[in-house]
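Values quoted throughout were computed directly from the atomic coordinates according to the rules given, and no laboratory measurement underlies them. Keep in mind that this is a model prediction, so the values were computed, not measured. We place every Cβ from the backbone using ideal geometry, glycine too, and count neighbours over all the protein chains shown.
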Amino acid sequence: MELFGFGPHLMVDGYDASPEKLQDAALVRRVLDELPEEMGMTKVLPPFVYRYGRDGEDGVTGVVIIAESHIAIHTFPKKRFLSVDIFSCKAFDMAQVLRRLAETFDIGRYATYMIHRGKEFPKDPELAQKIVLGEREYLEARVG
């Protein structure tokens, strides 16, 4: 259990992925359908997946709402790129998710960004207050 904050938000930029797999709306739907359970999350609704075409770029956008928040995938096959957002109020195994995405879409390389949202969310109000006050004091000392 995390002691402070609302929860992790993982953002993945996948490069050099398989254009064929990035165009496959059924594959994106399957990943969005299966990933919540693999992560120990609770799917609230079936995935919504939309194939789009704009400015010569065909791709797939999909999202699944989970009780803990959401998972979204956006693909750009001509650029061999996809972006994935996973936001949850519950911790999850980031390495497991990255392996699943890399294997499924044949991602050549990826960049990840992880932030902890809602630092002042009161899971442990005393600890959250100490963390936030410490950050504010640090920033005031650097600016002042």
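Shown here is the pair-distance distribution of the stretch 7-117: with all Cα-Cα distances grouped in 5 Å bins from zero up to the longest one, the shares run 2, 13, 25, 25, 20, 10, 4, 0 percent.
A crude spin-label estimate for the pair HIS116 and HIS9, with each label 7 Å from Cα along the Cβ direction, gives 1.5 nm. Here the 3J(HN,Hα) profile of the stretch 73-90, calculated from phi with Karplus coefficients 6.51, -1.76 and 1.60 at θ = phi - 60°, is 10, 10, 10, 9, x, 5, 9, 6, 10, 9, 10, 10, 10, 10, 10, 8, 8, 10 Hz, Gly and Pro shown as x. Along the stretch 24-31 the Karplus relation, 6.51 cos²θ - 1.76 cosθ + 1.60 evaluated at θ = phi - 60°, assigns HN-Hα couplings of 7, 4, 5, 5, 4, 4, 4, 4 Hz to successive residues, with x for each Gly and Pro. Rounded to the nearest 0.05, the FRET efficiency derived from the C-beta distance between ALA25 and GLU103 at R0 = 25 Å is 0.85.
Take ARG54, ARG99, ARG80 and order them by how many other Cβ atoms sit within 10 Å, fewest up front.
Details: ARG54 7, ARG99 11, ARG80 18.
Lowest to highest Cβ neighbour count: ARG54, ARG99, ARG80.
Given their separation in residues at 0.36 nm each and the Cα-Cα distance between them, ALA95 and PHE48 gain 14.4 nm when the chain is fully extended.
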